[in-house]
Each structure stands twice: as structure tokens, then as C-alpha cells.
Protein chains: 2
Amino acid sequence: MSESLVQRPAPSLLHLDASADANSVSKRLTTVFADSWRNAHGAAGYRHRDLSADPVPLVGPAYVALGTRVERHGVIPASRVAALIEDPAEEREWVLTRSLIAEVLDADVLLLGVPMYNLSVPATLKAWIDRVTFPGMFIDPDTGDHLLRDTRVVVVMARGGGYGPGAPRAGLDFQTPYLRAYFLGLGVAEENLHFVAAELTRAGDIPALAGFQEMAAESLTAAREAVTALAARLAEPSVVTS
Amino acid sequence: MSESLVQRPAPSLLHLDASADANSVSKRLTTVFADSWRNAHGAAGYRHRDLSADPVPLVGPAYVALGTRVERHGVIPASRVAALIEDPAEEREWVLTRSLIAEVLDADVLLLGVPMYNLSVPATLKAWIDRVTFPGMFIDPDTGDHLLRDTRVVVVMARGGGYGPGAPRAGLDFQTPYLRAYFLGLGVAEENLHFVAAELTRAGDIPALAGFQEMAAESLTAAREAVTALAARLAEPSVVTS
């Protein structure tokens, strides 16, 4: 086995924001990452989706019908899905879906800005997840390999309260463990999953959290540093062992 | 303290379905419950929302702005929210929201049909949760009491695979523990929370699950029996201690 260094010409970043907040903390933090990325690589491989301003449509009955039919065949390539479509509603669903899947497969890095809404991810992000997770699309039908194994996933979270390790509400965090389980299930390698959280971001708004404003500021600073460090690390030229 | 038996004249059921599937198992099971309820009580107090056919709009920036402004005042009654509205976009968000909140407050029983989508609840249900959970609306601003303490919540779930206690994928269930934490956080009493799950509902569609079809059929039968028993139990005349 020979080993060579291959520098990819245009690494790509798919940047998704899920917040509906005009003053979103998670969006400010993903912007730090995205700016750093574009400084290093230019804008060519950069793609941004604001899932709140431009929501992914909820899946409908035709999506479920097509997905179920596809699933009966085991794992098939995206190119064979069209042949299984039975009506115009399924065709519309597939057109909406396949381009979102292609975006994910094309990305070297997937960056998600995710506020905590009601202990979990916002409906905007879940709508994207429910659509993009079409049966078998992230598995190589010939080898069974996970196509996203080498994709780096950076999840930048903002939570109004404190949900970090040791916090009294840590057990109520259905955001971090959920997204970890989801992306691992999608085939992303554990070492390629990165989570950053700004905690207590509503300390300035909620009277009961007023005593936590200093802690919130420290958490935000730490999150910004972590995002900056991750951007620098993941912006290094990819090293591919072949 | 005197004790008297009061039979409410028209108990009310709010029935939400979140599935996008035309052959939905969760919808078939909630229909069993709803039919039994209407047999006992008539249709007067029955309200049905299909969150897939008629989705709750995703919350936008004006919802977040209004909610944040309300939250700065601590807990206020719904009647005082209108006075805090600053522009037509916030007015639109509040009009969409207050009627959904009123529906929940009016319900004696809340029935949810919830398929598992990608390990968690569908985006349709999360959109309802994200909108209805407006700051302070389920707390009595005078006493601090939880307004939903006596509301009975019945969650009827369908999962394509096996996620029940003891199943290899039990740790990947972000549906049951999430909804439990959410409704407890909303103030529903633990003893009023009921969960029923039909497992392995996709055993007939997914080749890898073909060996589980008998188990799936048993699970569906058990779920139907559990739903029927719950409907009978919760349809008994309410006993109020005063």
C-alpha cells in the first residue's frame, strides 16, 4: 500500500441555520465558522441554507409511499429511485428531496446552527432531517459502506438555559444526544462529530435566570473560541490516505 | 374541606395526529381511542387536528421577538400578551398561537398519534410544540400553579423498528423520553401521562426486519388493546374533589 498526500482543490462546506431568532446566538457562531472557512478556501465550495427563512417543506404522504416502496428493495442507488415513482406527487417529493441529499453527499464539512427549542431541535431542522433521510441514500449499494464516514459534522448549539454536563437540567438535553445518535446512524464517524454549545443564552431575558448572566457570557466566549479553533483545524488541507 | 362528586357535562378531547403516512399505524390506533370516546361522550367535546394535512406554521422571527419580550415580564396571563405586541408580524404570530394554546387548555384529554421519524417525533408535531409552548401560558400567573396538572395526555406511538425496553435500539428512542420530559415540563402530572407503542411496524416493508413480522403483529394487537383500555378508563365520568 502506497501513501500519498492529496490536497483537494475545492473543499466544500454546507452551512445550515435552524434558528428563527433575528438575534440568534447560534447563527452568530456559525457565521464565525463560515467566515473563517471562506477566508481559507474562498466562496466556491460554500453553500448556505437558512432553514427558517427558507424552510424545507414537510414530507407528505407521497414521500412516505415512495420511501416505503424504495425500502422494500433494500438499498438502491439514487439513480434507481426515479424508476419506482408511480405518480406526480411522488415525482414532486423526489425532486424536492434528491437535491438536498446531493448537497449533503457533496459536503466535506456540514455545519449546523441549532438553537434548543423546547428541549430538542427546532421543527425547521427536523423538517430537513425528515426529508433528507430518505432510505438508503447514504449507503453505497455495492459495498454497504457509509458514504458520510469521512464527512466532518460541526453542530453549534445555543440553549436558553443550562444543559451542559453537571447542570441540573443536563438530563433534559434532547438536542446533543439526539443529533449524535442521528448522525452516527447516518454513518458519520464518531471522531468526525463536533459539538459546541453556548449555554444560558436567555439569562438576560428571563428574570429567573438573571443571576447567570456572567456564566452565560463566559459560555459564549468559550463557544466562540471553540468554533474558531474548529474552523482553523477543519480548514487545514485534507490529508487522504490512498 | 367538603368532598363532592361532580360530573362534568361535556368532557373534551383534543386529538392530534402527526403522521404523513396514508397507511399510518398511529392514526389507526388514535382512531380506536377517538371512536370509543365519542361513543361514550358524543362529538360535542371532540376536536381533531391532522398536523400533516393541515400543518401548524413554523414559528418566525416575530414569534421569537414577542415571546422574548413577554418572558422579560415573568409569567403573565394570555390576556396581557396583546398589549405587548409591537408590529403586525407579531400580531399575526399571536393570532396563530393563542387559539392553539386555548385548545390545549380546554382539553380534558390530549391524544397524540406520533410515528417515530428518524429516532424522534415528526417535524409536524415539533412545529406544534414549538408554537404552542409560548412563555408562561400554562402557568397560573397568580398562584404559580400548573394549569395542565389534571390534563390526561395519551401518546400513541408507532415505530418502524424495535425501540421498547430491552430492545438493542432502546437507547436510540428519542420519542418516549422526549415527550415525557416535554409534558412533565409543561406541568402535566406524571400519573396523567400515558404512552402506548406499536413496535416494528415496518417489518413487512424492510427486508432486514422480515423475521420480526410475528412480533410486529403481536405488538400491534397489544397496542390496540392498551388504547382500548385507556379509552374506557379515561372515558369514565370525571371525579373532581372540591
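The values are calculated or read from the model by the stated rules, or taken from the named source; none is laboratory data. Here the structure is a predicted model, which is why all the values come from computation and not from measurement. Counting neighbours? That spans all protein chains shown, and the Cβs are built from the backbone with ideal geometry, glycine included. Side chains are part of the model used for accessible areas, which takes the heavy atoms of the whole protein and leaves out ligands, DNA and RNA. Shrake-Rupley method; radii C 1.70, N 1.55, O 1.52, S 1.80 Å.
Run the dipole for the range B:12-235 about the Cα centre, Lys and Arg Cβ at +1, Asp and Glu Cβ at -1, nothing else charged, and hand back the magnitude in debye, nearest 20. Before the final figure, lay out each step's value.
Numbers: 20 positive and 27 negative charges, 50 e Å.
In debye, rounded to 20, the range B:12-235 gives about 240.
Counting partner chain Cβ atoms within 10 Å of every residue's Cβ in A:54-64, what's the average? Mind dumping the intermediate values first?
Details: counts 0, 5, 1, 2, 9, 7, 6, 8, 2, 2, 9.
Mean partner shielding for this stretch: 5.
Output the Cα-based Rg and Dmax of the protein assembly as shown in Å, rounding Rg to one decimal and Dmax to a whole number.
When restricted to the Cα atoms of the protein assembly as shown, Rg and Dmax are 23.6, 87 Å.
For the range B:73-84, just list the computed ³J(HN,Hα) in residue order, Karplus coefficients 6.51, -1.76 and 1.60, θ = phi - 60°, integers in Hz, with x standing in for Gly and Pro.
Those phi angles translate into 8, x, 8, 10, x, 3, 5, 9, 5, 3, 5, 9 Hz.
Within the set of other residues whose C-beta is less than 12 Å from the C-beta of residue A:75, count the net charge using Lys and Arg as +1 and Asp and Glu as -1.
That sum, taken over residues with Cβ under 12 Å, equals -2.
Which whole-percent values make up P(r) of chain B when all C-alpha to C-alpha distances are grouped in 5 Å steps starting at zero?
Reading upward from the zero bin: 1, 6, 13, 16, 17, 16, 12, 9, 6, 3, 1, 0, 0.
Kindly identify residues of the range A:172-207 having a loss of at least 10 Å² in accessible area between the isolated chain and the assembly of all protein chains, probe radius 1.4 Å.
Buried by 10 Å² or more upon assembly, which counts only protein chains, are A:172, A:174, A:177, A:178, A:181, A:182, A:202, A:205, A:206, A:207.
Accessible area per residue for chain B in Å², computed with a 1.4 Å probe and the full protein assembly in place, what is it?
On the way: 10850 Å² over 242 residues.
Heavy-atom SASA per residue in chain B reads 45 Å².
If you average the C-alpha positions of the range B:41-101 and of the range A:75-111 separately, how far apart do those two centres end up, in angstrom?
Value for the Cα centre distance between the two parts: 35 Å.
Explain nothing, just the number: dipole magnitude of the protein assembly as shown about its Cα centre with +1 on each Lys and Arg Cβ and -1 on each Asp and Glu Cβ, in debye rounded to the nearest 20. Numbers along the way, then the final one.
Details: 42 positive and 58 negative charges, 17 e Å.
Here the protein assembly as shown has a charge dipole of around 80 debye.
Using only the Cα atoms, work out Rg/Rh for the range B:79-211, with Rh taken as the Kirkwood radius, to two decimals.
Details: Rg = 17.9 Å, Rh = 16.7 Å.
A ratio of 1.07.
Once phi is turned into θ = phi - 60°, what whole-Hz ³J(HN,Hα) does the Karplus curve with 6.51, -1.76 and 1.60 give for every residue of the range A:118-133, x standing for Gly and Pro?
Couplings: 6, 6, 9, 7, x, 4, 4, 6, 5, 5, 5, 4, 5, 8, 6, 8 Hz.
Along the charge dipole of the range B:12-235, which of B:115, B:134, B:13 sits closest to the positive end, that is, farthest toward it, with unit charges on the beta carbon of Lys, Arg, Asp and Glu (+1, +1, -1, -1)?
Among B:115, B:134, B:13, the one farthest towards the positive end of the dipole of the range B:12-235 is B:115.
Give me the summed buried accessible area for the B-A pair, 1.4 Å probe, to the nearest 100 Å².
On the way: alone 12350 and 12350 Å², together 21700 Å².
Counting both chains, the buried surface is close to 3000 Å².
Taking only the C-alpha atoms, wrap a convex hull around the range A:133-177 and report its volume per residue in Å³ as a whole number. Let's see the in-between values first.
Working: hull volume 5.3 nm³, N = 45.
Roughly 118 Å³ of hull volume per residue.
How charged is the neighbourhood of residue A:194? Take every other residue with its Cβ under 10 Å from the Cβ of residue A:194, and add Lys/Arg as +1 and Asp/Glu as -1. Walk me through the intermediate numbers first.
On the way: positive: A:152, A:233; negative: A:191.
For residues surrounding residue A:194, the net value is +1.
Taking each residue in A:115-121, count the Cβ atoms of any other chain within 10 Å of its Cβ, then average. What number comes out? Provide the component values of the computation, followed by the final result.
On the way: counts 1, 0, 6, 11, 7, 10, 5.
If you average over the peptide's residues, the count of other-chain Cβ atoms is 6.
Relative to the Cα centre, what is the charge dipole magnitude of the range B:93-202, using +1 at the beta carbon of each Lys and Arg, -1 at the beta carbon of each Asp and Glu, and rounding to the nearest 20 debye?
Numbers: 9 positive and 13 negative charges, 130 e Å.
It works out to roughly 620 debye.
Summing -39500 (n - 2.57) over the DSSP H runs of n ≥ 4 in chain A and dividing by its residue number, what mean residue ellipticity at 222 nm do you reach, to the nearest 500 deg cm²/dmol? Could you put the intermediate results ahead of the total?
Details: 6 runs with 90 residues, N = 242.
After summing the helix terms and dividing by the residues of chain A, the value is -12000 deg cm²/dmol.
Tell me the relative contact order for chain B as a rounded percent, counting alpha carbon contacts under 8 Å between residues six or more apart. Show your work: numbers first, answer last.
Working: 380 pairs, mean separation 64.8, N = 242.
Computed over chain B, the figure is 27 percent.
Net charge within 12 Å of residue A:176 by Cβ-Cβ distance, Lys/Arg positive one each and Asp/Glu negative one each, not counting residue A:176 itself? Don't skip to the answer; put the middle values down first.
Details: positive: A:159, A:180; negative: A:173, A:199.
With Lys, Arg at +1 and Asp, Glu at -1, the net is 0.
Which value in Å does the Kirkwood hydrodynamic radius of the range B:24-64 take, with 1/r averaged over all unlike C-alpha pairs and then inverted? Before the final figure, lay out the partial values.
Details: mean 1/r = 0.0798 Å⁻¹.
Every distinct Cα pair counted, the radius reaches 12.5 Å.
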